[in-house]
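Report on the structure given below.
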Amino acid sequence: MPRADDAFVRFEGVTKSYDGVHLVVDHLDLEIARGEFLTLLGPSGSGKTTCLMMLAGFEQPTAGEIRLEGRPLSRVPPHRRDIGVVFQSYALFPHMTVAENLAFPLEVRRLGRAEIEERVRRALAMVRLSGFEHRRPAQLSGGQQQRVALARALVFEPKLVLMDEPLGALDKQLRESMQYEIAQLHEQLGLTVVYVTHDQSEALTMSDRVAVFEAGRIQQLATPRELYEEPKNAFVARFIGENNRFRGIVEGIEGGVCRVRVGEAEVRALAVNVAGIGKPTTLSLRPERVVTGEAAHHLPNRFAGRLLETVYHGDHLRLRLALLGSDAFIVKLPNRPGMADTLARGTELVVGWRVEDCRALDA
Amino acid sequence: MTAATAHPAVSHLAATALRRHVRRSGRRRRLAAVGLTLPLVAYLLVFFVLPILGMLRLSVANDELATTLPETTALLRAWSGEGMPPEDVLAVLAREMRAAHAARTLARLAKRLNVESAGFRTLVLATGRNLPETPAGSWTETFLALDPEWGKPAIWGALRRAAAPWTDLYLLAALDLERGEQGEIRRVAPERAIYLGILGRTLWISFLVTAACLVLAYPLAYLLAGLPERYANPLLILVLLPFWTSLLVRSAAWIVLLQREGPINQILQGLRLVDQPLQLVFNRAGVLIAMTHVLLPFMVLPLYSVMRNIHPSYVRAAISLGASPWLAFRRIFLPLSVPGIAAGCLLVFILAIGYYITPALLGGADDQMISWFVAFFTLQTVNWGMAAALGTLLFAVTLALYALFARVVGVDRLRLG
């Protein structure tokens, strides 16, 4: 019985195990809204691709149900699901031309020849490959193959488009321009996209929301901004972006702020995910939120460290300091004129950060 | 060259030097490549190419007359071929025939000539035995007196053909053709026409075996290709298991299995599928069963190798695009497996048309294939020309099949495992 407020796609307690012992996907609940661009992000083996394959119908959930527009999918064979899939390897049929590849889903649906031709033409124009109709996939570059795969997954106007690391095989520059193109198509066509990647920058730049997977569970489901700035636990903080981590013991909590003992020092941080006083915690601090010199003087967290290394990145500098018992404390500073010369190795440096920028997470 | 025309003076010199450097650095590599493959090339030359050339030569060789009657041969080649040869030719012929009779080399020639025209053997041997040292009257009269056959133009036509450096006799015979009295090509008499029938039978048996192998091997290879390697590899070894015993043993084992009192008939009778034991051996059924068994691995391996390389995402993509599993198989998997089908069929067919032992052991008289006749001519009648001509025929069929394959599928897509 479909409910009016139903999400477009809904995972309800979906569990998957191949061997009956290990759970690849562990009681997953997830809702995807119509028109949303949702990314499943995680290290390999975290269950994100399995989720995608269950949605496409190539894997069956061991338990639980997946619904599309309120309809349970478990009884719908994969070829009746009307879900477009872009595969990591593109899976363009090598014995067919580009046009034949694009016409395939339309022929299967028994569309008239004139309509097939028209739709193929439009799909190719959409990915800016008009004139490539009669090429074979092997005669195309990686980026062109990618665009054909994209066009093929969209040409039959599926309800939902799944993408399994579609840009993994491309070089960095091409990847970035393809990210932009996919995001644009999503916008223009109002597509609902579920996108799998292990590349966090891809996830952050393209998605409406990102689900971070680890060990078959979603660790955090949030917008890219939240995910980066307000990670809920140590895994997400470590996985998304760079961060400095300290292990410490919680000594006190007052109004959402906790005091944490790190070695001899005391650090004040946001109590985001702490177990209680006397319990261990992991502090997470983004390198670009650290300030140095004069600006650090009035901050509650202020420490002196010794500069071990400066790496010149052009637009910014990365400093590595020995601080709070760690010799891998990273500070990112925007590059200002003359700055690189003042930072000699071995210099004592005062650094500081705000309470709000330092998050106390699970141990 | 374009650079040289743009800046003729400098670039031309530089380009020449560059080309010289490239040549020099390439030479070492080429020498190494040649050196590494030299033993194999030499081996192939001596044990593969030369025997094939030898066989081709034997199938058109025509040296019996030239070695037995060398002077006559030379004279016959120069002779116009009208009526009987002139007296001087006959004199030389008589002298050399007598000499050959004395040296006991006439029998070989007689056998060769008998192939040209039946009855020639007796004529030559009797004449050789009875020729006088000096003619009674003219040599023409002497020959005609010994046997009036010598007056027939057909005899002299045959002798002249036997005197030619090459002959198409055997090749024509292998196709049930012969030269008529005027040297025209014609069909042999129906009761002597056997080789086209045998060729047809050979091709038909090979075709049936190939089809049976394909039908049996395709699902197996499909299954194996879909399995993880740790299951597929041991199963592949099972496929190769028959290679661990000799072909002869396997063929003989089939006689035991298939005979009237053998286990297969017992099972069929035990299951009440048949009332009478089936005749499964020493007939076509036995040949087909045993050859299919022996050749099956040659079909499985190329199919498996090609299917293993068809990425599962192709079929998945087809299904995600709306094709039913059967349609995805038919439109995507099957076409992509065509190189394996073609390679397997080519391999099995080519091996099958040359089969000898299995049909010889398991077949009846009407199930023998071309190779049996090659063996027959080599071992029993010692007719090298005929054996070589049949071998050449087999070779030509193989080449034709390969050309067809190259045309339809493309040689670069051939995968044998």
Practice problem: Tell me which residues, restricted to the range A:205-223, are crowded, with 20+ Cβ neighbours inside 10 Å and not in a strand (DSSP E or B). | Solution: A:Met206, A:Ser207, A:Gly216
Quiz item: Within the range A:82-93, is there a residue that is under 15 Å from B:Ile319 (Cα atoms) and either more than 14 Å from every other protein chain (Cβ to nearest Cβ) or surrounded by fewer than 19 Cβ atoms within 10 Å (Cβ to Cβ) (or both)?
Solution: yes
Practice problem: With a cut-off of at least 3 residues that are under 19 Å from B:Leu361 (Cβ atoms) and more than 22 Å from the chain's Cα centre (by Cα), name the helices (runs of 4 or more DSSP H) lying wholly within the range B:184-258. | Solution: B:247-258
Quiz item: If we scan the range B:261-283, do we find a residue that is under 19 Å from B:Ala232 (Cβ atoms) and part of a helix (DSSP H, G or I)?
Solution: no
Quiz item: So which of A:Val331, A:Val355 is assigned to a loop (DSSP other than H, G, I, E, B) and among the β-branched types (Val, Ile, Thr)?
Solution: A:Val355
Exercise. Report, by residue number, each residue of the range B:94-129 that is within 23 Å of B:Val60 (Cα to Cα), among the aliphatic types (A, V, I, L, M) and surrounded by 19 or more Cβ atoms within 10 Å (Cβ to Cβ).
Key: B:Leu106, B:Leu109, B:Ala110, B:Leu113, B:Val115, B:Val124
Quiz item: Which numbered condition trips up A:Val127, out of (1) within 14 Å of another protein chain (Cβ to nearest Cβ); (2) in contact with a helix residue (DSSP H, G or I) (Cβ under 8 Å, 6 or more places away or on another chain)?
Solution: (1)
Quiz item: If you go through the range B:295-328, how many residues are touching a Pro at 6+ places or on another chain (Cβ under 7 Å) and not in a loop (DSSP other than H, G, I, E, B)?
Solution: 4
Exercise. Name, by its number, the condition in (1) within 14 Å of chain B (Cβ to nearest Cβ); (2) in a loop (DSSP other than H, G, I, E, B); (3) surrounded by 19 or more Cβ atoms within 10 Å (Cβ to Cβ) that does not hold for A:Ser46.
Key: (1)
Self-check item: From A:Gly42, A:Gly47, A:Gly70, residue being touching a His at 6+ places or on another chain (Cβ under 9 Å) and of a type outside the set (Val, Ile, Thr)
Solution: A:Gly42
Quiz item: In the range B:83-101, is there at least one residue being in a helix (DSSP H, G or I) and within 29 Å of B:Ala189 (Cα to Cα)?
Solution: no
Quiz prompt | Failed criterion for A:His22 (all others in (1) of a type outside the set (A, V, I, L, M, F, W, C); (2) within 13 Å of chain B (Cβ to nearest Cβ); (3) without any contact (Cβ under 8 Å) to a residue 12 or more places away in the chain hold) | solution = (2)
Quiz item: Taking the range B:318-331 only, how many residues are within 18 Å of A:Val76 (Cβ to Cβ) and either in contact (Cβ under 8 Å) with a residue 24 or more places away in the chain or not hydroxyl-bearing (Ser, Thr, Tyr) (or both)?
Solution: 9
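Can you tell me which residue among B:Pro312, B:Pro325, B:Pro359, B:Pro339 is more than 14 Å from chain A (Cβ to nearest Cβ) and of a type outside the set (Phe, Trp, Tyr)?
B:Pro359 is the lone residue from the list that is more than 14 Å from chain A (Cβ to nearest Cβ) and of a type outside the set (Phe, Trp, Tyr).
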Practice problem: Scan (1) surrounded by 16 or more Cβ atoms within 10 Å (Cβ to Cβ); (2) touching a strand residue (DSSP E or B) at 6+ places or on another chain (Cβ under 9 Å); (3) touching a residue at least 12 places away in the same chain (Cβ under 8 Å) for the single condition A:Arg259 breaks and write down its number. | Solution: (3)
Quiz item: Which residues, taken from the range B:351-392, are outside any helix (DSSP H, G or I) and either more than 17 Å from the chain's Cα centre (by Cα) or over 13 Å from B:Ile205 (Cα atoms) (or both)?
Solution: B:Gly363, B:Gly364, B:Thr381, B:Val382, B:Asn383
Quiz item: Residues of the range A:143-173 being surrounded by 15 or more Cβ atoms within 10 Å (Cβ to Cβ) and more than 14 Å from chain B (Cβ to nearest Cβ), which ones?
Solution: A:Gly143, A:Gln144, A:Arg147, A:Leu167, A:Leu170
Quiz item: Do we find that B:Arg260 is within 14 Å of chain A (Cβ to nearest Cβ) and among the charged types (D, E, K, R) in this structure?
Solution: no
Practice problem: Could you list, in sequence order, all residues of the range A:252-276 that are touching a Gly at 6+ places or on another chain (Cβ under 8 Å), assigned to a strand (DSSP E or B) and among the small types (Gly, Ala, Ser)? | Solution: A:Ala271
Self-check item: Count of the range B:351-392 residues which are at pLDDT 90 or above, closer than 28 Å to B:Thr167 by Cα and of a type in the set (A, V, I, L, M)
Solution: 11
Quiz prompt | the range A:174-191, subset closer than 14 Å to A:Glu36 by Cα and aliphatic (A, V, I, L, M), residue surrounded by the most Cβ atoms within 10 Å (Cβ to Cβ) | solution = A:Ile182
Quiz item: Considering A:Glu65, A:Glu59, which residue is closer than 21 Å to A:Arg217 by Cα, surrounded by fewer than 21 Cβ atoms within 10 Å (Cβ to Cβ) and within 14 Å of chain B (Cβ to nearest Cβ)?
Solution: A:Glu59
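Matching residues to (1) farther than 16 Å from B:Arg284 by Cβ; (2) in contact (Cβ under 8 Å) with a residue 12 or more places away in the chain; (3) in contact with a helix residue (DSSP H, G or I) (Cβ under 7 Å, 6 or more places away or on another chain):
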| site | (1), (2), (3) |
| --- | --- |
| B:Ala365 | no, no, no |
| B:Gln380 | yes, no, no |
| B:Asn383 | yes, yes, yes |
| B:Ala396 | yes, no, no |
Self-check item: Pair list, Cβ < 8 Å and 6+ apart or interchain, from the range B:71-83 residues that are touching a residue at least 12 places away in the same chain (Cβ under 8 Å) to residues that are in a loop (DSSP other than H, G, I, E, B)
Solution: B:Leu75/B:Pro85; B:Leu76/B:Pro85; B:Arg77/B:Ala164; B:Trp79/B:Pro85; B:Trp79/B:Pro86
Self-check item: B:Val348 buried (at least 18 other Cβ atoms within 10 Å of the Cβ) and under 28 Å from the mean Cα position of the chain (by Cα)
Solution: yes
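The values are calculated or read from the model by the stated rules, or taken from the named source; none is laboratory data. This one's a predicted model, so the numbers in the text were calculated from it and none came from an experiment. All Cβ positions, glycine included, derive from the backbone under ideal geometry; neighbour counts span all protein chains shown.
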